[in-house]
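Trainee: The following block contains the structure, expressed as structure tokens.
The values are calculated or read from the model by the stated rules, or taken from the named source; none is laboratory data. All of these numbers come straight from a predicted model, not from anything done at the bench. When we count neighbours, we look across all protein chains shown, and the Cβ atoms used for this are built from the backbone with ideal geometry, even at glycine. Side chains included, ligands, DNA and RNA excluded: accessible areas come from the protein's heavy atoms. Shrake-Rupley method; radii C 1.70, N 1.55, O 1.52, S 1.80 Å.
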Amino acid sequence: GGGSRVDTENQREIAERYDKYGAMLYRLCLVMLCSRQDAEDAVQETFFAYLRHRPEFADAEHEKAWFLRVATNKCHDLRRSPFWKRRADWEGVDLTEETPEEIGVLEELMHLPGKYREVIHLHYIEGYKVAEIAQMLGRRESTVKVQLHRGRELLRLNLEERGIEP
């Protein structure tokens, strides 16, 4: 009947969004949560939210920012849940796409406090400007600038300690 056509359209729409944003959201969630399983859960929750709310987007940038903001919030929710234990589980994290240098940076990024991890990831890995990050995370621009600066310093010191050139 008519219902199956809608389901097929939904599936195609979700598949297109997943192809477009899935890997980026997974990297963000992995950096924020340090756990492959939790990152996968957060990405899945992000797409569930998309299905539930069916937001209207002004343009592609608005859409991308929505997915990043929702994924960031899902990560925060997971970290606040009583079931979430602080863990950096690098066993089984698949970094086959990355170069050894990138792996070193990603690993060090995982060890930074969450507030630094997310701003550094959004700025350097996803390429967002300070103003965009501030809006996404609901922080002041000055706060984001300070967190970027401190996060970079921590990252640089950690990498130098391990003999990796930042």
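Trainee: Anything in region 135-153 that is modelled with pLDDT of 90 or more and among the aliphatic types (A, V, I, L, M)? List them, or say none.
Mentor: Once the filter is applied, which keeps residues that are modelled with pLDDT of 90 or more and among the aliphatic types (A, V, I, L, M), region 135-153 yields Val144, Val146, Leu148.
Trainee: Any residue in region 122-135 that is more than 15 Å from Leu25 (Cβ to Cβ) sitting within a Cβ distance under 7 Å of a residue that is open to solvent by 30 Å² or more (accessible area, probe 1.4 Å) and part of a helix (DSSP H, G or I)? List the pairs, counting only those 6 or more apart or interchain.
Mentor: Pairs found: Val130/Glu141; Val130/Lys145; Ala131/Glu141; Ile133/His123; Ala134/Glu141.
Trainee: Moving to a separate point now. Give the residues of region 115-129 that are of a type in the set (Lys, Arg) and surrounded by fewer than 22 Cβ atoms within 10 Å (Cβ to Cβ), sorted by residue number.
Mentor: Selection gives Lys115, Lys129.
Trainee: Can you give me the number of residues within region 9-23 that are within 15 Å of Ala49 (Cα to Cα) and exposed (fewer than 13 other Cβ atoms within 10 Å of the Cβ)?
Mentor: Residues that pass the stated criteria total 3.
Trainee: From the residues in region 90-114 that are surrounded by 18 or more Cβ atoms within 10 Å (Cβ to Cβ), touching a Lys or Arg at 6+ places or on another chain (Cβ under 8 Å) and more than 24 Å from Ala65 (Cα to Cα), which one is modelled with the lowest pLDDT?
Mentor: Residue satisfying both the conditions and the ranking: Gly104.
Trainee: Go through region 41-55 and give me each residue that's open to solvent by less than 80 Å² (accessible area, probe 1.4 Å), in a helix (DSSP H, G or I) and not hydrophobic (A, V, I, L, M, F, W, C).
Mentor: Those that are open to solvent by less than 80 Å² (accessible area, probe 1.4 Å), in a helix (DSSP H, G or I) and not hydrophobic (A, V, I, L, M, F, W, C): Asp41, Glu45, Thr46, Tyr50.
Trainee: Let me ask another. What's the total number of residues in region 62-78 that are more than 14 Å from Glu118 (Cβ to Cβ) and crowded, with 23+ Cβ neighbours inside 10 Å?
Mentor: Total meeting the criteria: 1.
Trainee: Would a scan of region 24-36 turn up a residue that is more than 13 Å from the chain's Cα centre (by Cα), surrounded by fewer than 21 Cβ atoms within 10 Å (Cβ to Cβ) and hydrophobic (A, V, I, L, M, F, W, C)?
Mentor: No, that holds for no residue.
Trainee: Now for a separate question. Do the conditions hold for Ala58, that is, is it open to solvent by 80 Å² or more (accessible area, probe 1.4 Å), over 16 Å from the mean Cα position of the chain (by Cα), among the aliphatic types (A, V, I, L, M) and modelled with pLDDT of 85 or more?
Mentor: yes
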